[in-house]
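Enquirer: Quick one: the structure is below, questions incoming.
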Amino acid sequence: MNVLSILDTENPVFRGFLFYNSALVLKMLAMSSLTALQRFKNKAFANPEDAAMQGVKVRTDDNVERVRRAHLNDLENIPIYFVASFGYMLTNPSVTVALNLFRAFTAARFMHTFVYAVCVIPQPARGLSWGIGYFITGFMAFQTACHFLH
């Protein structure tokens with residue numbers, strides 16, 4: 001299979017890649033809104049000009065910081081997954097395996113945010129959801145490296 005046929009919208013792996021990666025982009029965009037919502041709800045602003053507009057002093061809040069950390073975790077993990085999943089897609093993987101990996105990674109990242117920033121659930125929930133995504137990204141990168149080794 002050549003690269004053009006892999007990057008064809010008729011290819012179910014490419015369509016899955018586009019769909020699930022788009023869902024992850026939308027999720028990361030929503031994290032900015034969730035952070036802002038928590039800032040206004042808790043009147044916790046990081047910049048003096050923002051605090052002054054609300055008539056409060058600059059301060060931190062545990063709820064805001066929790067959402068920010070979840071967002072930072074997304075920013076540390078999702079872009080590298082985008083690269084790994086793109087490379088993996090170029091190996092012409094099994095449709096079933098590829099789509100299930102895309103689904104599992106996406107579900108794990110949504111779950112990570114849920115248990116970290118929306119409805120805090122004690123460990124190991126956050127660690128497991130992070131670990132699933134980490135393992136999938138590593139698996140895809142390893143498979144890609146092996147495929148293109150020679």
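Enquirer: Could you give the angle, 0 to 90 degrees to the nearest 10, between helix 12-42's Cα long axis and the longest principal axis of the Cα atoms of the chain?
Expert: Orientation of helix 12-42: about 10 degrees from the principal axis.
Enquirer: Of 114, 82, 40, which is the most mobile in a GNM of the chain whose springs link Cα atoms less than 10 angstrom apart?
Expert: Comparing 114, 82, 40 in the GNM, the peak value goes to 40.
Enquirer: In addition: For an R0 of 30 angstrom, estimate the FRET efficiency from the Cβ-Cβ distance between residue 28 and residue 57 and round to the nearest 0.05.
Expert: Efficiency, from the Cβ-Cβ distance: 0.50.
Enquirer: Specify the angular offset, from 0 to 90 degrees and rounded to the nearest 10, of the alpha carbon long axis of helix 125-147 from the longest principal axis of the alpha carbons in the chain.
Expert: Approximately 30 degrees, to the nearest 10.
Enquirer: Highest mean first, how do 54-62, 115-123 rank when packing is the count of other Cβ atoms within 10 Å averaged over residues?
Expert: Taking the mean over residues of other Cβ atoms within 10 Å, the ranking is 115-123, 54-62.
Enquirer: Full extension from residue 83 to residue 107: what is 0.36 nm times the residue separation minus their Cα-Cα distance, to one decimal in nm?
Expert: Between residue 83 and residue 107, full extension yields 6.8 nm more.
Enquirer: Here's another thing I want to ask about it. Run the reach check for residue 41 against aspartates and glutamates, Cα to Cα strictly under 15 Å, same-chain hits fewer than 8 apart removed. What comes back?
Expert: Result set, ordered by chain and number: 50, 61, 62, 65.
Enquirer: Something else now. Mind checking which of 106, 96, 137 has the largest fluctuation in a GNM of the chain, springs on alpha carbons under 10 Å?
Expert: 96
Enquirer: Taking the chain as the reference, fit the longest principal axis to its C-alpha atoms, fit the long axis of helix 62-89 to the helix C-alpha atoms, and give the angle between the two in degrees, 0 to 90, nearest 10.
Expert: Between helix and principal axis, roughly 10 degrees.
Enquirer: Taking the Cα centre as origin and putting +1 on Lys and Arg beta-carbons and -1 on Asp and Glu beta-carbons, what dipole magnitude results for the range 43-150, to the nearest 20 debye?
Expert: That gives a dipole near 180 debye.
Enquirer: Right, next: Just 65, 76, 49 to compare: in a GNM of the chain, with alpha carbon springs under 10 Å, which one fluctuates most?
Expert: 49
Enquirer: If I take R0 = 25 Å and measure r between the Cβ atoms of residue 97 and residue 128 in this structure, what FRET efficiency does the formula 1/(1 + (r/R0)^6) give, to the nearest 0.05?
Expert: Given R0 = 25 Å and the Cβ-Cβ separation, E is 0.75.
Enquirer: Measure off 7 Å from each Cα along the Cα-to-Cβ vector at residue 10 and residue 119, then give the distance between these two points in nanometres to one decimal.
Expert: Placing both labels 7 Å along Cα→Cβ, they lie 4.4 nm apart.
Enquirer: Name the residue from 78, 58, 31 whose Cα lies farthest towards the positive end of the charge dipole of the range 31-89, charges +1 on Cβ of Lys and Arg and -1 on Cβ of Asp and Glu.
Expert: Value: 58.
Read the figures in this text as sums done on the coordinates, not as results from a lab. Worth saying up front: this structure is predicted, and the values here are computed from it rather than measured. Positions of Cβ are backbone-derived with ideal geometry, glycine not excepted, and every protein chain shown enters the neighbour counts.
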